[in-house]
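Enquirer: Mind having a look at this structure? Questions to follow.
The values are calculated or read from the model by the stated rules, or taken from the named source; none is laboratory data. Please read all numbers here as calculations on a predicted model, not as lab measurements. Neighbour counts are summed over all protein chains in view; Cβ atoms, including those assigned to glycine, are modelled from backbone coordinates with ideal geometry. Accessible surface areas use protein heavy atoms only, side chains included; no ligands, DNA or RNA. Shrake-Rupley method; radii C 1.70, N 1.55, O 1.52, S 1.80 Å.
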Amino acid sequence: MILGMTGFAERSFASPTLRLKLSIKTLNHRYFDWSYKGAPVGEAESRLRALCQKRVRRGRVEVYLDLVSLSPESWDFTLNEGLLEKILRSLDRVAKRTGRRVDVTLDSLLRVPQLVEVNRRALGPKEAAFLERSFARTLDDVLVLRRREGAQTARQLRTHVSAVRRSVARAEARFKRQPALLKAKLKKRLGDLNGGAPVTEAKLSEEASFLAQRYDLAEEIGRLKTHLDSFEAFLSPKLGEPVGRQLDFLAQELNREANTLASKSQDVLITRESLSIKNELESMRQHVQNIE
């Protein structure tokens, strides 16, 4: 199935011990490129990345996680008791010297560096499994959009391929008429050079054959048709592998053959068809950039 590379989904989930909000955005990229921001989840991030890479082969993936631990057992609380005692003794001494009571609020104490440390514990097996399930469900929504984009892009590419085929067919039909056209032009030109004297059929055929070989377009037209067949085969929805790179390569090859066709052509109508082909190919290459 043809997949696009852009998508976005955001979902919220809750369990007895966790509340989380996940957002996943995918963008165009030549390779798989992972970006994670938000709550640190340790080894669970590596599992999320592996889970994503199984389903997204190419593109940039930006993940943001907002996670709230609801259970007190999910937190580690450390109080530097020695430092607290030292602070309180110092305050007592100041109070005795000044004869004034020194009041310290809890909020003030919590602001003292290294007095209190509160850290979230590593996710347990059940919490990690809940996070992975939530991530997979959010990724499902992203893939729906990528499939929708891929189907739309494939339809547009088939339209462009059909237009290129028509131009190639017209160029081929014109090319098949070239020997007779060349022969007529040569007969007139040689006749003018000879002062109107008749030109022998042998000489005329020899010159026409030389020019036909020099400007032969059969190979270029044949390769264009072959590349178009391959391009359409990769657009088949039965394929399960990413095809973006193959389509990009074929688009480059098609463009190369169209350039050769334009440079070798001595017929203005064939040149026009080659330019039409190049215009269609430019649109095709832009669409291909959005395919995984």
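Enquirer: Within region 133-146, identify whether any single residue is open to solvent by less than 20 Å² (accessible area, probe 1.4 Å), in a helix (DSSP H, G or I) and among the charged types (D, E, K, R), and answer yes or no.
Expert: yes
Enquirer: Identify all residues within region 91-101 that are closer than 25 Å to T78 by Cα and open to solvent by less than 80 Å² (accessible area, probe 1.4 Å); write none if there are none.
Expert: Across region 91-101, the qualifying residue is only L91.
Enquirer: Mind telling me which of the residues R30, R57 ends up being within 30 Å of P242 (Cβ to Cβ), modelled with pLDDT of 90 or more and out of contact with any Gly (no Cβ under 8 Å at 6 or more places or on another chain)?
Expert: Values: R30 fails: modelled with pLDDT of 90 or more.
Within the list R30, R57, the selection yields R57.
Enquirer: Starting from residues that are in a loop (DSSP other than H, G, I, E, B) and either among the basic types (K, R) or open to solvent by 90 Å² or more (accessible area, probe 1.4 Å) (or both), keep the ones in region 114-129 and report whichever is nearest to S46 (Cα to Cα). Spell out how you get there, then give the answer.
Expert: The initial filter retains those residues of region 114-129 that are in a loop (DSSP other than H, G, I, E, B), namely 114-115, 121-124.
From what is left, the residues that are either among the basic types (K, R) or open to solvent by 90 Å² or more (accessible area, probe 1.4 Å) (or both) are 114, 121-122.
Working: Q114: 31, R121: 17, A122: 14 Å.
Selected residue: A122.
Enquirer: Of all residues being crowded, with 16+ Cβ neighbours inside 10 Å and among the acidic types (D, E) in region 254-292, which is farthest from the chain's Cα centre (by Cα)? Just the residue, please.
Expert: Of everything passing the filter in region 254-292, D267 is farthest from the chain's Cα centre (by Cα).
Enquirer: What number goes with the only condition from (1) open to solvent by less than 80 Å² (accessible area, probe 1.4 Å); (2) under 27 Å from the mean Cα position of the chain (by Cα); (3) in contact (Cβ under 8 Å) with a residue 40 or more places away in the chain that F8 does not pass?
Expert: Going through (1) open to solvent by less than 80 Å² (accessible area, probe 1.4 Å); (2) under 27 Å from the mean Cα position of the chain (by Cα); (3) in contact (Cβ under 8 Å) with a residue 40 or more places away in the chain one by one, F8 breaks only (1).
Enquirer: Just name the residue that is farthest from the chain's Cα centre (by Cα) out of those in region 42-52 that are open to solvent by less than 70 Å² (accessible area, probe 1.4 Å) and in contact (Cβ under 8 Å) with a residue 40 or more places away in the chain.
Expert: Here the residue is G42.
Enquirer: If a residue must be surrounded by 14 or more Cβ atoms within 10 Å (Cβ to Cβ) and either in contact with a Lys or Arg (Cβ under 6 Å, 6 or more places away or on another chain) or at positive phi (or both), how many such residues does region 53-74 contain?
Expert: Going through region 53-74 one residue at a time, the tally reaches 5.
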